[in-house]
1. Is it fair to say B:Arg147 is within 9 Å of chain A (Cβ to nearest Cβ) and surrounded by 15 or more Cβ atoms within 10 Å (Cβ to Cβ)?
2. Looking at the structure I just gave you, is A:Ser39 away from the ligand (no atom under 16 Å from the Cβ), surrounded by fewer than 17 Cβ atoms within 10 Å (Cβ to Cβ) and without any contact (Cβ under 8 Å) to a residue 12 or more places away in the chain?
3. Which is within 16 Å of the ligand (Cβ to nearest atom), more than 30 Å from B:Arg251 (Cα to Cα) and out of contact with any His (no Cβ under 8 Å at 6 or more places or on another chain), of A:Arg131, A:Arg104?
4. Sort out which residues of region A:153-167 are crowded, with 18+ Cβ neighbours inside 10 Å and either away from chain B (no Cβ under 14 Å) or in a loop (DSSP other than H, G, I, E, B) (or both), and write them in order of number.
5. Quick check, is B:Leu11 in contact (Cβ under 8 Å) with a residue 60 or more places away in the chain, buried (at least 17 other Cβ atoms within 10 Å of the Cβ) and more than 21 Å from B:Leu306 (Cα to Cα)?
6. From (1) within 16 Å of the ligand (Cβ to nearest atom); (2) modelled with pLDDT of 95 or more, pick out the condition that doesn't hold for A:Ile112.
7. Which ones in region A:13-46 are within 27 Å of A:Ser88 (Cα to Cα) and either in contact with an Asp or Glu (Cβ under 9 Å, 6 or more places away or on another chain) or assigned by TED's automatic domain parsing to the domain that holds A:Glu87 (or both)?
8. Can you tell me which residue in region B:165-178 is farthest from the other protein chains (Cβ to nearest Cβ), limited to those that are touching a residue at least 40 places away in the same chain (Cβ under 8 Å) and in contact with an Asp or Glu (Cβ under 9 Å, 6 or more places away or on another chain)?
Amino acid sequence: MNFPSKLIEDAVNEFSRLPGVGKKTALRFVLHLLKKEQSDVLQLSDAIKRMREEIQYCKICFNISDGEKCSVCSNSRRDERLLCVVESIKDVINIENTNQYNGRYHVLGGVISPIEGIGPEQLHIDQLIDRVKNENVEEVIMALNPTMDGDTTIFFISRKLAESKVRISTLARGVAFGGDLSYVDEFTLARSLQTRRPFESYLSKQ
Amino acid sequence: MALYLHKLSILNYKNLQPQELEFSEGFNCFTGKNGSGKTNLLDAVYMLGLTRSYFNHSDADNVQHHEDFYRLCGTFHEAENQYVTEVAYGKKQRKFVRVNDEKAKKFSDHIGRFPILIITPDDIHLVKGYSEGRRAMMDQVICQTDRFYLEALGHYQKVLKQRNQYLKNLEANADEDLMDSYDLQLVNSGKLIYEKRSAFLEGIKAPFEAIYKAVSEDNESVEFIYESHLNDGDFIEILKNSRQKDVITRRTLYGLHKDDIRFEMNQYAVKKMASQGQQKSFLIALKLACAEYLTKSSGKKPILLLDDIFDKLDQNRVEALVRFILNVNAGQVFLSDTDYGRIKRIFEKVKVPHRIFEVSEGKII
Ligand SMILES: [Zn+2]
């Protein structure tokens, strides 16, 4: 793509580095911004700049935060007995959006994967173990993705927490609510059978 | 009526010219010189059933030179049903498999829908070569009859890769908890793989011996033995016992990735003792026994692909073999051969629905 201006070319190149944005879309963004008032555009660039410069990671749970402590950790109404372990900040956002969870979080920053060069020491696992030791945690909910590396990480953490006697649970895996059994693939069905629950507990928890 | 491929249209696949073909539900014979494209026609059928080439696993290599995609479309019939099956791959488009306008979510969902068994001259490495080929043969057959096997195999390979990489990266002592985690996961899927492989080999034993007797002209006693570390004890114990050695050698020394099958003739290794002809009979018997296994466990007669297996056999042997295949299998067969005249003469005598195609420069003439 050729551009009449080096300034436009630079802007297009920057935008096209965003996920899912190609050169064409980037050019559309740039032309759109050119039509806007200068102050509107500066507001955008300022927001981006501040977001990047001022955002912090919570010292306790590694969630994104505006200060040292994130909004979840500093909220005294959150149940400190429940600790939900997730891979990434995206998972925190998703779980928060369900409005079903009132405990706290711990963001690992990934899962153990030697192939990608991620060992336990690259993750916030030691900090998690310290939290369980020092805080008032009764249950650790492992909300990791149901992958082989997720399983490895869950097993590893549960071993490291074995001494603490804390209760460890994982997300249920299986048939989606409202689904039709005949459309569920057989692995999901098999897994759902393996992780079946007594009926009473089903009703009482819903 | 058994499963069969009725029509096939080909675009930009290997050296094949764009064409549409119609097949017999019995025998379909591609005849022509070496390099004419006979084998690639068989491979196109293989691709429709198993979503990859038997010969070259890189899809980019299977696209014709100077083109940027290939597309295969076959119409399978089974009883009253018709399955229009499309496999396409492009350098700019993700590969997909579509059956009656429905895209397969995972390729593994498709495998086993149209069971296929291929015999090629290269398969002689099953008898002569490394254990890897023999494991691949077991996997190819069992995967088509058992989706849980396919899943377990994928899982096992993933765990093994991570475990080996972990061992390779080690700078100090291994973390025992992490090693335990990998070991337990290997055992989880490994148990199922071991059971299925044992059952598979047990299942093809009797047909194999019977078929060998029928196709060979000798009276040698033949057998095979499943060699697996898991024969010798509990997998978790085996892994535990070898952990130290694994750490030193930086890889996983024991497990199903080392499985093998030992082929014997009169209690000696086939690769050392048997003649070329015997090895070939051995191979054909082994593969046809697999075909029987597929029929038994999937309830569908597999489509047989016989690539140049009549090479160096005289016409009487070929005719006997064709009759034999007709008797044991009687599903649809695709075969390739260099001798048009011989094939024509045989099918004048053997009464079975068939079509003979002459192939030249990637095209049926
Ligand atoms: Zn926090």
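The values are calculated or read from the model by the stated rules, or taken from the named source; none is laboratory data. From a predicted model like this one, the values you see are computed outputs, not experimental measurements. Positions of Cβ are generated from backbone atoms using ideal geometry, with glycine treated the same way; all protein chains shown enter the neighbour counts.
1. Answer is yes for this residue.
2. Criteria met by A:Ser39.
3. Only one candidate qualifies: A:Arg104.
4. Within region A:153-167, A:Leu161 is the sole residue that qualifies.
5. yes
6. The single condition A:Ile112 does not satisfy is (1).
7. Selection gives nothing.
8. So, considering only residues that are touching a residue at least 40 places away in the same chain (Cβ under 8 Å) and in contact with an Asp or Glu (Cβ under 9 Å, 6 or more places away or on another chain), the one farthest from the other protein chains (Cβ to nearest Cβ) is B:Ala174.
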